[in-house]
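Following: one structure in structure tokens, then a few remarks.
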Amino acid sequence: MSQKIIELAGIGPVILIKRAQSRSIRLSVTIRGVQVSMPKWTPFGAGEAFAAKNLIWIQQELAKISMPLIESGQRIGKLHCVRFEQVLSGQSVAGRVTGTEIVVRLHTGEASTDPDVQKRAQAAALRALKREAERLLPARVQNLATAHHQDYKNITVKQLKRRWGSCDSHKALTFNIFLMELPWEQIDYVIMHELAHTIEMNHGPAFWRVLTSMEPRARILSKQLRSHQPAIGTWNTKPEPESSSAD
């Protein structure tokens, strides 16, 4: 994977990334910035031109993005609550995650709303969600697989950018740590969705027959899921411009 950073007038830095798995030029705008993904054989100039072509869309998306503040007492996932605490000068301000708390430390003079403090809070919150997912999801998956007579190879949890979960051809399941911010009904739907992929890898009629045999409300839950966004604001599910000419 190779990348290049360009400056786009009216936008600022744009990251151009060549990926072996990309089949088209795609543009994404998140709180982390503007990124163009493209096939490895595509010249960087094509990615720059594609970003320039979609300048207005980028500006509109950047205007919508705001980092939600993490506040004292806020619930994160299923198990954790945020607490800010002052520390003495010279002490570490690294965030600490316990079984039930996310402790965000502040130097004297810092406010919980300061950008640097919020970055520390975000990082600690992500660690907490990962711990929750590792602790809670395996048993949930096993129980649903057993109940519906499905089998799978293993489970991995990680921070995904655009998917709640995935299943590969070897029946290995991957789940997004942000699932911990969904209601359990939606979490179970995502699990069953991926279990259905252990039988049908596509989203054709056969897949939906398998899924609705496990969860009759599957299509309703699927529609509801599209309205959910992670509370700590580090994931982008918005549709992105895509170049069909590079397929």
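The values are calculated or read from the model by the stated rules, or taken from the named source; none is laboratory data. Not measured: the values here are computed from a predicted model. Reconstructed Cβ throughout: ideal geometry from the backbone, glycine too, with neighbour counts over all protein chains shown.
Check the stretch 50-63 and report whether any residue there is in contact with a Phe, Trp or Tyr (Cβ under 9 Å, 6 or more places away or on another chain) and not assigned by TED's automatic domain parsing to the domain that holds residue 119.
No, the conditions are met nowhere in the stretch 50-63.
Here are some conditions: (1) of a type outside the set (Lys, Arg); (2) in a strand (DSSP E or B); (3) without any contact (Cβ under 8 Å) to a residue 24 or more places away in the chain. Residue 146 meets all but one. Which one does it not meet?
(2) is the only condition that residue 146 fails.
Could you look through the stretch 161-175, keep only residues that are under 28 Å from residue 30 (Cα atoms) and in contact (Cβ under 8 Å) with a residue 24 or more places away in the chain, and pick out the one that is surrounded by the most Cβ atoms within 10 Å (Cβ to Cβ)?
175
For the stretch 88-117: of the residues being assigned to a loop (DSSP other than H, G, I, E, B) and in contact with a helix residue (DSSP H, G or I) (Cβ under 8 Å, 6 or more places away or on another chain), which is surrounded by the most Cβ atoms within 10 Å (Cβ to Cβ)?
This residue is 95.
Pick from 118, 122, 91: which is touching a Gly at 6+ places or on another chain (Cβ under 9 Å) and not hydrophobic (A, V, I, L, M, F, W, C)?
Working: 118 fails: touching a Gly at 6+ places or on another chain (Cβ under 9 Å); 91 fails: touching a Gly at 6+ places or on another chain (Cβ under 9 Å).
Only one candidate qualifies: 122.
Return the residue satisfying two criteria in turn: it lies in the stretch 143-165 and is over 20 Å from residue 224 (Cβ atoms) and within 21 Å of the chain's Cα centre (by Cα), and of such residues it is modelled with the lowest pLDDT. Give the derivation first.
First, the residues of the stretch 143-165 that are over 20 Å from residue 224 (Cβ atoms): 143, 145-159, 161.
After this cut, where a residue has to be within 21 Å of the chain's Cα centre (by Cα) as well, the list is 154-159, 161.
On the way: 154: 96, 155: 97, 156: 96, 157: 97, 158: 94, 159: 90, 161: 74.
So the residue we want is 161.
Kindly indicate whether any position in the stretch 161-177 is assigned to a helix (DSSP H, G or I), assigned by TED's automatic domain parsing to the domain that holds residue 218 and out of contact with any Asp or Glu (no Cβ under 6 Å at 6 or more places or on another chain). Steps first, please.
So the first thing to find is which residues in the stretch 161-177 are assigned to a helix (DSSP H, G or I), and the list is 177.
Filter once more, so that each one left must be assigned by TED's automatic domain parsing to the domain that holds residue 218: 177.
When the remaining residues are screened for being out of contact with any Asp or Glu (no Cβ under 6 Å at 6 or more places or on another chain), the result is 177.
Checked against the condition, which is being assigned to a helix (DSSP H, G or I), assigned by TED's automatic domain parsing to the domain that holds residue 218 and out of contact with any Asp or Glu (no Cβ under 6 Å at 6 or more places or on another chain), the stretch 161-177 yields at least one hit.
Hey, can you tell me all the residues within the stretch 133-146 that are within 14 Å of residue 158 (Cα to Cα) and either touching a strand residue (DSSP E or B) at 6+ places or on another chain (Cβ under 7 Å) or small (Gly, Ala, Ser) (or both)?
Residues of the stretch 133-146 that are within 14 Å of residue 158 (Cα to Cα), as a first pass: 133-138.
Matches in the stretch 133-146: 133, 134, 137, 138.
Residue 78 passes all but one of (1) modelled with pLDDT of 95 or more; (2) not in a loop (DSSP other than H, G, I, E, B); which number fails?
(2)
Could you tell me whether residue 181 is among the acidic types (Asp, Glu), surrounded by 19 or more Cβ atoms within 10 Å (Cβ to Cβ) and under 21 Å from residue 77 (Cα atoms)? Reasoning before the result, please.
Details: among the acidic types (Asp, Glu): yes; surrounded by 19 or more Cβ atoms within 10 Å (Cβ to Cβ): yes; under 21 Å from residue 77 (Cα atoms): yes.
Yes, satisfied.
Filter the stretch 96-118 for residues that are more than 28 Å from residue 78 (Cβ to Cβ) and of a type in the set (Ser, Thr, Tyr) and give the result.
Listed by number, the list holds a single entry, 108.
Of all residues in the stretch 194-211 being closer than 30 Å to residue 30 by Cα and either under 17 Å from the mean Cα position of the chain (by Cα) or modelled with pLDDT under 95 (or both), which is surrounded by the fewest Cβ atoms within 10 Å (Cβ to Cβ)?
Kept after step one, since they are closer than 30 Å to residue 30 by Cα, are these residues of the stretch 194-211: 194-195, 197, 201-203.
Checking the rest, the ones that are also either under 17 Å from the mean Cα position of the chain (by Cα) or modelled with pLDDT under 95 (or both) come to 194, 201-203.
Details: 194: 25, 201: 13, 202: 8, 203: 13.
The qualifying residue surrounded by the fewest Cβ atoms within 10 Å (Cβ to Cβ) is 202.
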